[in-house]
Amino acid sequence: MPREDSFTIRQIGPDDIACFREILAVMGRAFEDIETYAAAQPDDGYLHRLLAGDHFIALAALDSGGTVMGGLAAYVLPKFERARSEIYIYDLAVAAEHRRRGVATALIGRLKAIAAARGAYVIFVQADPPDTPAVALYEKLGVREDVLHFDIAVG
């Protein structure tokens, strides 16, 4: 495993739209779903508002040349039953050529620091059983709960 200083983790803000689009490209390739992540991306105004808000967190793992190696997208969910928040990792991906180097663990480590600073009490993530590398990573970092997931159509 390379030294931790062989890449950096940076929180993406509203002025980092080009970097965020690179994260989307990495996710599209990593998930083998270019259509979802690249075909109909929001315009710059939408992304600026999303990245400027306090309900969304985007992180990039960058190599020494500034190339995106991986990224994380998470949502802050204010709770109604107590004055606290949860953070949901919606997507986390690392480019194939950069896997097994601690990038995903470093992204989650940075998210943990952000979560603590914001007073969140837990970070949670969903992993599908066939994705054994993701399941192994999350089992290493947290407690597993087996739950059912349902998509409810809106229209």
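Summary of computed values
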| item | result |
| --- | --- |
| Neighbours by Cβ (under 8 Å, 6+ apart or cross-chain): first from segment 31-59, in contact (Cβ under 8 Å) with a residue 24 or more places away in the chain and under 21 Å from E97 (Cα atoms); second assigned to a helix (DSSP H, G or I) and not hydrophobic (A, V, I, L, M, F, W, C) | F31/Y37; L59/R110 |
| Filter result (among the charged types (D, E, K, R) and surrounded by 14 or more Cβ atoms within 10 Å (Cβ to Cβ)) within segment 17-36 | R21, E22, R29 |
| Residue satisfying condition, being modelled with pLDDT under 95 and not polar (S, T, N, Q), within set A25, A38 | A38 |
| Scan of segment 67-84 for residues that are among the small types (G, A, S), surrounded by fewer than 24 Cβ atoms within 10 Å (Cβ to Cβ) and modelled with pLDDT of 95 or more, ordered by number | A73 |
| Complete set of residues in segment 85-102 that are surrounded by fewer than 12 Cβ atoms within 10 Å (Cβ to Cβ) and either among the acidic types (D, E) or modelled with pLDDT of 95 or more (or both) | E97 |
| Residue match in segment 5-14 (condition: surrounded by 13 or more Cβ atoms within 10 Å (Cβ to Cβ), closer than 20 Å to G142 by Cα and either at pLDDT 95 or above or touching an Asp or Glu at 6+ places or on another chain (Cβ under 7 Å) (or both)) | no |
| Test for A39: is it surrounded by 14 or more Cβ atoms within 10 Å (Cβ to Cβ) and among the aliphatic types (A, V, I, L, M) | no |
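The values are calculated or read from the model by the stated rules, or taken from the named source; none is laboratory data. Just so you know, these numbers come straight off a predicted model, no measurement behind them. Every residue, glycine as well, gets a Cβ built from its backbone with ideal geometry; the counts of neighbours run over all protein chains shown.
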